[in-house]
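*Asks:* Structure provided below as structure tokens; questions to follow.
The numbers here are math on the coordinates, done by the rules we state, and not lab data. All figures in this text were calculated on a predicted structure; none of them were measured in a lab. Cβ placement follows ideal geometry from the backbone for every residue including glycine, while neighbour counts extend to all protein chains displayed.
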Amino acid sequence: MKRNLKIIFLLALLILGINNTTYADSVNSVISLGADLTDEQKNVILEEFEAGDSLIIEVTNEEEHKYLGEFISADKIGSQALSNAKLTLREEGSGLNIKVSDKIIYINEDMFRNALLTAGITDADVLVSAPFEVTGTGALTGILKSYEALTGKDLPEEVKEISNEELVLTYDLSKMNSSDEVTDFMNIIKVDFAKNMPETKEEAKTLILNLAESNNVKISDDQADQLADLFMKMKNANIDWNKLADTAIEYSSKAAEFLKSDQGQSFLQGLKEFLVNLIDWIASLFK
């Protein structure tokens, strides 16, 4: 009987796929290192990231070019993989907490956040750094690869490409606008698309140009064209638009500014009073 139970248990493991390569049950952090760092540089990063029992993986320059080559010049990507990141998954509702070292001179926290939310990564701590100044473009590839290692789930290739393209385009827009303006602008587009999905690229471009004008965002015709292409790709990809819109609102600095204002505080107080009255009413039903 014991022998039969062991056989049944082993068969169950095989059926459930527990023998697949996944680290989610044993490790909740993954550190992605640029494959072209020296051993000494890798040790510096591991110490900075407080590696502990984190899983360590590497990202090659070839992988960086695979996802970024279509959207950014080869000289900006470089010929070496030097960006590094640590991804720690958190429970649902924790949000994204992103810290970018001053060694990363090309991509900031908001740009990483928008790209990760598009990829469907919503609850995690993310650290990005390097042993010396680098663009940081390759870090997103490492973060997405780390997510796959932690969850045992492969992100769709089109979603990874879309996330990288968004990262590059938001940086491009930030050359003429502040980081907060660009972040809000991208979030506004996501919310508007979720509510009124354009049918064609031309409609998408018109919507983007109108939103740019109404929000005082400087944008060239070529940038609007690229954004229209990006959002039409997002439309056709397997993306949860309602969730994307919800997180876009959550991370909008304009929303945060509103909640800090007198009007926002009045709104919160009214909401609090409503919830208290609702709880009292529900309690009265059981008396």
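*Asks:* Can you figure out the FRET efficiency of Ile249 with Met176, using R₀ = 25 Å and their beta-carbon distance, to the nearest 0.05?
*Replies:* Details: r = 24 Å, r/R0 = 0.98.
The calculated FRET efficiency here is 0.55.
*Asks:* Whole-Hz ³J(HN,Hα) for each residue in the stretch 145-154, computed from phi via Karplus 6.51 cos²θ - 1.76 cosθ + 1.60 with θ = phi - 60°, x for glycine and proline: what do you get?
*Replies:* Result, ordered by residue: 5, 5, 4, 5, 5, 6, 8, x, 10, 7 Hz.
*Asks:* Check each of the GluC sites (Glu not before Pro) in the stretch 174-205 and keep only those in coil by DSSP with at most 12 other C-beta atoms within 10 angstrom; list them in order.
*Replies:* Values: sites: Glu181, Glu199, Glu202, Glu203; in loops: Glu199.
The qualifying sites are Glu199.
*Asks:* Rounded if a/c is under 1.5, else prolate if a/b is larger than b/c, else oblate: which is the stretch 78-229, with a ≥ b ≥ c the root eigenvalues of its Cα gyration tensor? Spell out each step's value before the answer.
*Replies:* Numbers: a/c = 1.90, a/b = 1.46, b/c = 1.31.
Since a/c reaches 1.5 and a/b is larger than b/c, the shape of the stretch 78-229 is classed as prolate.
*Asks:* Given the C-alpha centroids of the stretch 143-208 and the stretch 105-131, what is the distance between them in whole angstrom?
*Replies:* Answer, in whole Å: 12.
*Asks:* Can you tell me the length gained on complete extension of the stretch Thr60 to Asp229, counting 0.36 nm per residue apart and subtracting the Cα distance?
*Replies:* Numbers: separation 169, 0.36 × 169 = 60.84 nm, distance 2.76 nm.
Separation in residues times 0.36 nm, less the Cα-Cα distance, equals 58.1 nm.
*Asks:* Another question about this same structure. Once the piece of chain linking Asp154 and Asn215 is laid out straight, how much longer is it, given 0.36 nm per residue of separation minus the C-alpha distance between them? Provide the component values of the computation, followed by the final result.
*Replies:* Details: separation 61, 0.36 × 61 = 21.96 nm, distance 3.67 nm.
Extra length from Asp154 to Asn215 when fully extended: 18.3 nm.
*Asks:* Turning to a different aspect of this structure: Please give the peptides 95-104, 214-223, 133-142 ranked by average Cβ packing (other Cβ atoms within 10 Å per residue), highest first, as a rough proxy for protection.
*Replies:* 133-142, 95-104, 214-223
*Asks:* Still on this structure: Enumerate the calculated ³J(HN,Hα) couplings along the stretch 168-184 in order (Karplus 6.51 cos²θ - 1.76 cosθ + 1.60, θ = phi - 60°), each rounded to whole Hz, writing x wherever the residue is Gly or Pro.
*Replies:* Calculated HN-Hα couplings, in order: 5, 5, 5, 5, 4, 5, 5, 6, 10, 9, 6, 4, 5, 5, 5, 4, 4 Hz.
*Asks:* OK, next. Which order do peptides 38-47, 156-165 fall in by mean Cβ count within 10 Å, highest first?
*Replies:* Details: 38-47: 14.1, 156-165: 19.0.
Per-residue mean Cβ counts within 10 Å order the peptides as 156-165, 38-47.
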